[in-house]
Amino acid sequence: MRSTLAIVAGLVIAFGLVATIEAIGHAIYPVQAFDADDPERIRAAMASLPLGALVIVVAAWWIASFTGGAIAAALARHRPLLHAGAIGGLVLAATVANLVMLPHPAWVAIVGPLGIVVATGLAA
């Protein structure tokens with residue numbers, strides 16, 4: 001039961017952090033409204049994002065993986081790598097889904113997931 005609660009707490013924190021940090025990013029770098037049903041407009045919108053906006057998104061993934069993983073590992077009290085890894089694995093899965101659905105620069109597709117793995121390992 002403690003493991004389940006630790007993972008739930010870590011997930012709530014991790015995905016809450018992603019949402020909060022990305023909301024801050026949107027406040028700093030507002031995105032103009034576009035038709036989300038038009039793949040060409042999505043590509044154009046993603047291509048027009050400034051570097052800072054993308055850095056904030058990648059940082060959100062890393063911070064969420066580390067913090068959520070550290071919380072899960074600490075609350076579980078045993079097998080910290082397993083609990084941090086569960087959080088990191090779910091953040092990684094969500095990130096990969098995002099990368100598949102939206103066109104990102106190659107550096108985001110490489111650095112984002114690698115950073116999640118490193119952050120998760122450090123959290124344990």
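Based on what the data block shows, is Thr95 of a type in the set (Ser, Thr, Tyr) and either in contact with a Pro (Cβ under 8 Å, 6 or more places away or on another chain) or modelled with pLDDT under 95 (or both)?
Values: of a type in the set (Ser, Thr, Tyr): yes; either in contact with a Pro (Cβ under 8 Å, 6 or more places away or on another chain) or modelled with pLDDT under 95 (or both): yes.
Spelling it out, Thr95 is indeed of a type in the set (Ser, Thr, Tyr) and either in contact with a Pro (Cβ under 8 Å, 6 or more places away or on another chain) or modelled with pLDDT under 95 (or both).
Against the conditions (1) in contact (Cβ under 8 Å) with a residue 60 or more places away in the chain; (2) closer than 28 Å to Ser3 by Cα; (3) surrounded by 12 or more Cβ atoms within 10 Å (Cβ to Cβ), Arg77 satisfies every one except (3).
Listed here are the residues, each with its yes/no results for (1) in contact (Cβ under 8 Å) with a residue 24 or more places away in the chain; (2) touching a strand residue (DSSP E or B) at 6+ places or on another chain (Cβ under 9 Å); (3) surrounded by fewer than 16 Cβ atoms within 10 Å (Cβ to Cβ).
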position: Met1; (1), (2), (3): no, no, yes
position: Leu5; (1), (2), (3): yes, no, yes
position: Ala9; (1), (2), (3): yes, no, no
position: Phe15; (1), (2), (3): yes, no, no
position: Ala19; (1), (2), (3): no, no, yes
position: Ala23; (1), (2), (3): no, no, yes
position: Ala33; (1), (2), (3): no, no, yes
position: Arg41; (1), (2), (3): no, no, yes
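The single residue among Gly121, Gly69, Gly89, Gly115 that is modelled with pLDDT of 95 or more, in contact with a Phe, Trp or Tyr (Cβ under 9 Å, 6 or more places away or on another chain) and of a type in the set (Gly, Ala, Ser) turns out to be Gly115.
The values are calculated or read from the model by the stated rules, or taken from the named source; none is laboratory data. None of these values were measured; they are calculated from a predicted model. Counting neighbours? That spans all protein chains shown, and the Cβs are built from the backbone with ideal geometry, glycine included.
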